[in-house]
Amino acid sequence: MFTLKKTPGKPFLVLNLSDPQLGDGEWAEGHKNRRILEHTVRTLVDRVKPDLITVSGDLSWAGSDHAYDMLADFLDSFEIPWAPVWGNHDNQNGPEYIDTVADRYLTHKYCLYEKGDPSIGNGNYVIAVEEDGKIVSAILMIDSHDRAPYTDADGNEQISWARLTEPQMEWYRDQIAALREMGCDDTSIIMHIPFYAYNTAAQAAYKNYDETARKTWTPETAIPGADCWNPGYEDALGVQYEGIGSYGIDDGVFEIVRDLGSTKYVIVGHDHVNNWIINYEGVKLVFSLKAGAGCYWTPVLNGGTVLKIGSVGVDGVHHEFVDVSALVAEA
Ligand SMILES: [Fe+2]
């Protein structure tokens with residue numbers, strides 16, 4: 001576990017970046033996607049002045065050694081602690097590849113990363129935030145793997161995005177118990193792939209979910225206003241421009257998180273053009289803004305997501321949008 005110090009009287013700010021996902025070639029000097037990513041991150045760091053930068057997965061594409069190293073050097077240049085979790089594209093060549101990236105990341109001065117128990121993934125670890133000797137909040141960084149099999153309702157074997165495994169949820173329970181023993185009962189999860197309950201949360205929160213969220217919205221046609229939420233979800237915000245890329249059937253993860261009662265915020269990436277924040281049964285489920293143009297994106301949802309930790313735990317999450325229209329328009 002890492003412990004970072006919070007200054008009394010000031011919030012501790014976590015800037016989450018998601019899915020930067022540039023390939024080796026896009027890190028070439030002057031490449032437009034490199035300029036967009038660097039401008040986005042520099043703008044966010046200048047504006048937010050974070051105490052910690054997290055990266056919620058898909059840092060590049062497995063095999064892209066140069067891209068992983070360029071991103072790490074770039075993040076280290078801010079001289080602010082930064083902490084990654086891996087996404088499906090990081091894991092797509094198997095655990096051995098990303099383990100070699102982790103070895104190199106661990107040589108970076110400001111990189112926080114623990115490999116953890118390899119039997120439950122690459123890099124499940126905890127970052128605690130301490131004020132005056134007391135842990136006021138902790139972030140559980142969780143590896144959400146790549147893909148996994150499941151059996152659909154008709155009994156057919158299918159493959160979908162992965163789920164957190166049962167041993168991993170045991171690890172989660174153990175971390176919550178250990179933090180409680182240290183007097184901390186306020187936690188957040190940062191990971192890449194949304195767990196299944198992101199589907200049920202969206203269905204509960206959006207009016208006419210099937211007719212609207214998944215079918216007709218595009219960045220060009222509609223940004224739903226406040227009246228798109230069902231009663232009880234009026235404080236939700238954001239958009240869903242693509243289907244939720246979770247495990248194919250209910251993974252039971254949300255119920256464990258909700259019932260343990262420690263984790264109040266979950267931040268994921270993976271779905272590059274979703275950015276909603278929904279308070280679902282007492283847990284704020286968040287899609288982070290995506291940083292930069294890597295892979296697919298929409299400039300409308302470019303930026304980062306900020307978690308604000310106060311003296312008694314997390315007291316808010318919000319998106320910080322970064323306008324890159326001028327860079328996008330350049331040749
Ligand atoms: Fe992803």
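Any read-out appearing in this document is the output of simple, stated calculations on the displayed coordinates, not a laboratory observation. Given the structure is predicted, the values throughout are model-derived calculations rather than measurements. Cβ coordinates were reconstructed from backbone atoms using ideal geometry, including for glycine residues, and neighbour counts include every protein chain displayed.
Observations, loosely collected:
- Per-pair calculated FRET efficiency, R0 = 30 Å: Asp99 and Ala153 via Cβ, rounded to 0.05: 0.25
- Protection proxy ranking, highest mean first, for peptides 136-145, 108-117: 136-145, 108-117, where packing is the per-residue count of other beta-carbon atoms within 10 Å, averaged.
- Using only side-chain charges placed at the Cβ, +1 for Lys and Arg and -1 for Asp and Glu, the dipole size of region 51-190 relative to its Cα centre rounds to 20 debye.
- Viscosity 1.002 mPa s, temperature 20 °C, Stokes-Einstein D of the chain from Kirkwood C-alpha radius, µm²/s: 107
- Under 5 Å, built H, 5+ apart or other chain: amide partners of Thr263: Thr187
- Calculated [θ] (222 nm, deg cm²/dmol) that DSSP helices of n ≥ 4 give over the chain, each run adding -39,500 (n - 2.57): -7500 deg cm²/dmol
- Here the 3J(HN,Hα) profile of region 103-120, calculated from phi with Karplus coefficients 6.51, -1.76 and 1.60 at θ = phi - 60°, is 4, 6, 4, 5, 7, 7, 4, 9, 7, 9, 6, 10, 5, x, 6, x, 6, 10 Hz, Gly and Pro shown as x.
- Both numbers refer to the Cα atoms of region 85-201; Rg and Dmax are 16.1, 56 Å.
- Dipole magnitude for the chain: about 860 debye, using +1 per Lys or Arg Cβ and -1 per Asp or Glu Cβ, origin at the Cα centre.
- The ranking of Thr100, Thr298 from fewest to most other beta carbons within 10 Å of each one's beta carbon is Thr100, Thr298.
- Net charge of the neighbourhood of Arg35, taken over other residues with C-beta under 12 Å away and scored Lys/Arg +1, Asp/Glu -1, is -1.
- By the count of other C-beta atoms within 10 Å, a proxy for reagent exposure, Val273, Val101 are ordered fewest to most as Val273, Val101.
- DSSP beta bridges confined to the chain are antiparallel in about 55 percent of cases.
- Net length available on complete extension from Asp174 to Asn208 is 8.3 nm, with 0.36 nm assigned per residue and the Cα-Cα distance removed.
- For peptides 231-244, 152-165, 304-317, 83-96, sequence by mean Cβ density within 10 Å, most packed first: 83-96, 304-317, 231-244, 152-165
- Cross-link pairs exceeding 28 Å between alpha carbons, from the set Lys109/Lys264; Lys10/Lys207; Lys5/Lys32; Lys109/Lys290; Lys32/Lys308: Lys109/Lys264; Lys10/Lys207; Lys5/Lys32; Lys32/Lys308.
- Each part reduced to its alpha carbon centroid, region 165-196 and region 249-307 end up 16 Å apart.
- Highest average first, the peptides 191-203, 42-54, 175-187, 256-268 ordered by how many other beta carbon atoms sit within 10 Å of their residues are 191-203, 256-268, 42-54, 175-187.
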